Amino acid sequence: MNSEEIKLRKAFLRKEMLARRLTISPEQRHVWSNEISRLLINAFPMLNSMTIGMYWPYQGEFDPRFAIRHFRDTGARAALPEVVQRNGALRFRQWWPGASMTKGIYDIPVPDGTDIVEPQAFLMPPVGFDGRGYRLGYGGGFYDRTLAALAPRPLTIGVAFEISRVQTIHPQEFDIRMDYVVTELGVFKTPACAT
């Protein structure tokens, strides 16, 4: 399969996965989200003292703000991504409840003028993911470029509902695997994770 065919296949898969996620009822999303938050808090105590790159929930994604509240209460700092340029890496700005916000790309809220920080860990929102730890995002490549630019590489934790699992996302050479994936069914260590 050539790169153009892979690109078309990913676009089709992205559309299918988004539609699937949006069929989840608010009640079911709440139940699954509570379980993911519980698993994150119990499985990753090291996040209690880290700067965590998170995301603002969009199009039915798992809402990380409840788990982040726990980590912030125990000493962590939270940061939200900001798109600086179309084909560049993300920049992360410190966030806390009540921080001044502005609209970013896709009208997703971004902290307005807070400190720029470098996350030591990322909670990442896949549209789809596979068992090898590869993530299908929205197609902009922002997380892959961000991870490729960071040294040392931060801990990467994909957080998604199990219905977002696929056999393969057809990874390409620029796709970077996540270390873990957490769904309502458990914490899954991927082949990318050395520990």
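Throughout, read-outs are computed from the coordinates displayed, never taken from laboratory work. The structure displayed is predicted, hence computed values, not measured ones. We place every Cβ from the backbone using ideal geometry, glycine too, and count neighbours over all the protein chains shown.
Using a Gaussian network model of the chain with C-alpha springs under 10 Å, which one of Pro64, Pro125, Pro152 is most mobile by mean-square fluctuation? Sorting by GNM fluctuation, first place goes to Pro152. Calculated translational diffusion coefficient of the range 12-69 (10 °C, 1.306 mPa s; Stokes-Einstein with Kirkwood radius over alpha-carbon pairs) equals 124 µm²/s.
Spin-label point model (7 Å from Cα, Cβ direction): what's the Asp107 to Phe66 distance in nm? A separation of 2.5 nm, rounded to one decimal place.
Treating r as the C-beta distance of Lys15 and Ala151 and R0 as 30 Å, the FRET efficiency rounds to 0.30. Membrane-span-like helices of the chain, defined as complete DSSP H segments with a Cα extent of 27 Å or more along the helix axis and a mean Kyte hydropathy of at least -1.0, are identified as 3-22. Over the residues of the chain, the helix contribution to mean residue ellipticity at 222 nm works out to -9000 deg cm²/dmol, using -39500 (n - 2.57) for each DSSP H run of at least 4.
Beyond 28 Å, what share of the Cα-Cα pairs of the chain remains, rounded to the nearest whole percent? Of the Cα pairs, 20 percent sit more than 28 Å apart.
Extension gain for Gln172-Lys189 works out to 4.1 nm (0.36 nm per residue, less the C-alpha to C-alpha distance). Of all DSSP beta bridges confined to the chain, the antiparallel ones make up roughly 55%. Electrostatic bookkeeping for Ile52 treats Lys and Arg as +1 and Asp and Glu as -1; over the other residues with beta carbon under 10 Å from its beta carbon, the sum is +2. Compactness check for the range 40-154: Cα Rg over 2.2 N^0.38 Å is 1.02. Extension gain, Ile6 to Leu22, is 3.3 nm, computed as 0.36 nm per intervening residue step minus the present C-alpha separation.
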